[in-house]
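Written below as structure tokens is the structure these notes are about.
The values are calculated or read from the model by the stated rules, or taken from the named source; none is laboratory data. Since the model is a prediction, treat every value here as computed from it, not as a measurement. No Cβ is skipped: glycine too gets one built from the backbone with ideal geometry, and neighbour counts run over all protein chains shown. Only protein heavy atoms, including side chains, enter the accessible area calculation; ligands, DNA and RNA are left aside. Shrake-Rupley method; radii C 1.70, N 1.55, O 1.52, S 1.80 Å.
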Amino acid sequence: MNLQAFKDSLSEDVPPQGLDGALQALWQEAKGDWEEAHRLAQAQGDEAGAWVHAYLHRVEGDEANAGYWYRRAGKPHSQVPLKEEWEAIVKVLLG
């Protein structure tokens, strides 16, 4: 799957099969379900989950909490627009 296919899947009611929790979280956030996205990111205890968790706290407006999760992910605290960061994370996680 590539970025465009991932974006196209947002017209569906459920995320595509085979996505890990971090990608499912980004899918849910794009669909407007921040709470489910947060639950999924929090449940994935690796760097990908931490990176998405950081992004979600930026969406929420909690920059301090986002900073903690960026450090856990080993990523710099992002300053780019949220849409750009979402796309960048999706691209990396899709491989």
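Odds and ends about this structure:
- For the chain, the Cβ-based charge dipole about the Cα centre amounts to some 300 debye (Lys, Arg positive; Asp, Glu negative; other atoms uncharged).
- Calculated from the structure at hand, P(r) over Cα pairs in 5 Å bins from 0, in percent is found among (1) 2, 13, 26, 26, 23, 9, 1; (2) 3, 15, 28, 28, 18, 7, 2; (3) 2, 15, 24, 21, 14, 10, 7, 4, 2, 0, 0 as (2).
- Once all protein chains are placed together, Val14 keeps about 100 Å² accessible to a 1.4 angstrom probe.
- Per-residue [θ]222 nm for the chain (sum of -39500 (n - 2.57) over DSSP H runs n ≥ 4, rounded to 500): -20000 deg cm²/dmol
- Low-density loop cleavage sites - GluC sites (Glu not before Pro) in the chain, where at most 15 other Cβ are within 10 Å (DSSP): Glu12
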